[in-house]
Amino acid sequence: MQKGLKNATVIGAGIGGLSAAIALRKTGLDVTVYERNTKDHAGGTGITQPQNVFSVLKDLDIYEECLKSGVQLDYMEMLDKEGNLLFEANEKFIDKEGPGRNAIWRSTLKDVLLSKALSLGVNVEWEKNLINYKESEHNVSLSFHDETQITTDLLVSFDGIRSNVRDIMLGRTVSPQYLGMGAWRIPITFEKNALSKKGFIMKDGTTNLGVFPLTDTDGYAFILTPVPADYWDEEEKRYDTVRNMLEPFHGKGDFIKTCFTRDTPIIFSPIEEVVLKEKWYTNRVVIGGDAAHASAPTLAQGAAMALEDASVLGQEISKVSSLAQALHAYYTRRFPRVNAIQSFSSEVIRNELAGNFNQAEIIAKSNSILQQAY
């Protein structure tokens, strides 16, 4: 632990924030996490953990727990709308002998991370919404919506694509860039082992239907399709919207139509990205995850990149004597890798919109980068 650096405050108790809290606590810092939502706030649907993030899970001591709580997928199939195989992507692109991509409920992953953080002595406070902060040479003063004020040696923010900390740090409001598609995420249930342990994506022109099992009896589906920038799908209409979009799909697509009901909580969101020209840190403030580099979900690397951010931040703080050097090293290690993966993720979207549906080359380029140590 660095001389003069005793504590850190993390904003955001999502996947990136809790991972950062664990990594920082392992350096010996006292760590408190502040989250604006309640502890039982809905955690979204499923998430997949590609092999490049396994080393981070091991560093955080949650690898075995994540695999135990998820389903390991060795391949991902790309299919046409009738279910015919277009190509198959090997999910063991780093370690051919190890497990493939781990598919897990997002809420389960957050529970695993929270349990690990608490076991290490991290303090987590819920329903604490940061309003503002002021940075000085020696500390950072934070103000919350309930008039709580604290000081901290280091402010670390993983507070999402519309990050308040990022906007204060940069002195401007960062508007996420819309990439031209909307995303629907649908929890699904099915009879035991009705889905093989493979993820698949079916294509009907510019509409993609993706499916990943998360346990023997449930999983999640997603639909990506072009929509206008001002489009919004009201919650009470989403079941009908999804059913209509599923009509062209057959084979496995017909099966998915039976796996959810009108009462299923369907999530809709526009696909956006955040690409920053500025560095991700100042004297005692640093950002990571979606706050620094939100990307399209097309390569399933958003959470993986946040986990890597957290691990690298902890590593750099633990090995150099100067906080300024540590934050600079964190940024210079992370930016080239994240920027490349972010670019590939948005390139998939641009190709789709242009009618170029052969994404195997982009996946190969992305994997060649991800095979390198982070």
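With more than 22 Å from M76 (Cα to Cα), of a type in the set (G, A, S) and modelled with pLDDT under 90 as the only criterion, which of A326, A373 stands out?
Selected residue: A373, the only one of A326, A373 that is more than 22 Å from M76 (Cα to Cα), of a type in the set (G, A, S) and modelled with pLDDT under 90.
Given the conditions (1) among the hydroxyl-bearing types (S, T, Y); (2) in contact with a Cys (Cβ under 8 Å, 6 or more places away or on another chain); (3) farther than 30 Å from K68 by Cβ, report the number of the one that T189 does not fulfil.
Failing condition for T189: (3).
Restricting to strands (runs of 3 or more DSSP E) lying wholly in the range 10-97: which have 1 or more residues that are within 26 Å of K116 (Cα to Cα) and acidic (D, E)?
Hits in the range 10-97: 30-34.
Take the range 320-349 and flag every residue that is free of Cβ contacts under 8 Å to residues at least 24 places away in the same chain and over 19 Å from the mean Cα position of the chain (by Cα).
Residues satisfying the conditions are Q325, A329, T332.
Residue by residue through the range 226-251, note down the ones that are surrounded by 12 or more Cβ atoms within 10 Å (Cβ to Cβ), of a type in the set (D, E, K, R) and in a helix (DSSP H, G or I).
K237, R238, R243
Which of the residues that make up the range 181-199 are small (G, A, S) and either open to solvent by 20 Å² or more (accessible area, probe 1.4 Å) or without any contact (Cβ under 8 Å) to a residue 12 or more places away in the chain (or both)?
Those that are small (G, A, S) and either open to solvent by 20 Å² or more (accessible area, probe 1.4 Å) or without any contact (Cβ under 8 Å) to a residue 12 or more places away in the chain (or both): A194, S196.
Write out, first by first residue and then by second, each pair whose Cβ atoms fall under 6 Å of each other, whose residues are 6+ apart or on separate chains, and whose first residue, in the range 67-79, is open to solvent by 30 Å² or more (accessible area, probe 1.4 Å) while the second is among the aliphatic types (A, V, I, L, M).
So the pair list comes out as S69/I104.
Of L353, L370, which residue is touching a residue at least 60 places away in the same chain (Cβ under 8 Å), farther than 17 Å from V286 by Cα and open to solvent by 40 Å² or more (accessible area, probe 1.4 Å)?
Checking each option against the conditions leaves just L353.
Are any residues in the range 346-372 assigned to a helix (DSSP H, G or I), of a type outside the set (A, V, I, L, M, F, W, C) and within 26 Å of G314 (Cα to Cα), and if so, which ones?
Selection gives S366, N367, S368.
For the range 289-329, which residues satisfy the criterion of being surrounded by fewer than 22 Cβ atoms within 10 Å (Cβ to Cβ) and touching a Leu at 6+ places or on another chain (Cβ under 7 Å)?
Once the filter is applied, which keeps residues that are surrounded by fewer than 22 Cβ atoms within 10 Å (Cβ to Cβ) and touching a Leu at 6+ places or on another chain (Cβ under 7 Å), the range 289-329 yields only L323.
Determine whether the range 256-272 contains at least one residue that is polar (S, T, N, Q), part of a helix (DSSP H, G or I) and surrounded by fewer than 12 Cβ atoms within 10 Å (Cβ to Cβ).
no
Show the residue pairs meeting these rules: Cβ distance below 7 Å; 6+ apart or different chains; first residue within the range 43-63 and on the phi > 0 side of the Ramachandran plot; second residue open to solvent by 30 Å² or more (accessible area, probe 1.4 Å) and among the β-branched types (V, I, T).
Listed by first residue and then by second, the contacts come to G44/I267.
Would you pick out the residues in the range 248-266 that are free of Cβ contacts under 8 Å to residues at least 40 places away in the same chain and within 13 Å of K81 (Cα to Cα)?
Passing the criteria: only D254.
So which residues in the range 137-179 are in contact (Cβ under 8 Å) with a residue 60 or more places away in the chain, closer than 30 Å to F212 by Cβ and surrounded by fewer than 18 Cβ atoms within 10 Å (Cβ to Cβ)?
P176, Q177, Y178
The values are calculated or read from the model by the stated rules, or taken from the named source; none is laboratory data. Treat the numbers as computed from the prediction; the structure is a model and nothing was measured. Cβ sites come from the backbone with ideal geometry, for glycine too, and all protein chains shown count toward neighbours. What goes into the accessible areas is simple: the full protein's heavy atoms, side chains included, and nothing from ligands, DNA or RNA. Shrake-Rupley method; radii C 1.70, N 1.55, O 1.52, S 1.80 Å.
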